[in-house]
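The values are calculated or read from the model by the stated rules, or taken from the named source; none is laboratory data. Predicted model, so just to flag it, every value in this text is computed and none were measured. Quick reminder, even Gly has a Cβ in these numbers, built from the backbone with ideal geometry, and neighbours come from all protein chains shown.
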Ligand SMILES: [Ca+2]
């Protein structure tokens, strides 16, 4: 998880801005689902889904939820933070 985070938090801000998150989501979808591209609409939906506090950036705990769902192949489940 930390390795993933460091790879995508390119400015070490402690959160992923939209550009960083987009790279992450695209690469992750490619890895798990063999999807080579996602639409901007899909990205926006995913971004809002995981930006739980509406800050406009994805924090580490928000990304952790995302990664767990990716691995289960389940996006729609409503999971709370732990
Ligand atoms: Ca956030």
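Suppose the filter is surrounded by 12 or more Cβ atoms within 10 Å (Cβ to Cβ), at pLDDT 85 or above and within 15 Å of the ligand (Cβ to nearest atom); does residue 7 pass it?
Numbers: surrounded by 12 or more Cβ atoms within 10 Å (Cβ to Cβ): yes; at pLDDT 85 or above: yes; within 15 Å of the ligand (Cβ to nearest atom): no.
No: the conditions fail for residue 7.
Residues in the range 58-80 that are surrounded by 10 or more Cβ atoms within 10 Å (Cβ to Cβ) and at pLDDT below 70: 3 in all.
Evaluation of residue 39 against the conditions (1) under 11 Å from the mean Cα position of the chain (by Cα); (2) exposed (fewer than 11 other Cβ atoms within 10 Å of the Cβ) shows that the sole unmet condition is (1). Could we say that residue 55 is crowded, with 16+ Cβ neighbours inside 10 Å and modelled with pLDDT of 80 or more here? When the stated conditions are applied, residue 55 does not pass them.
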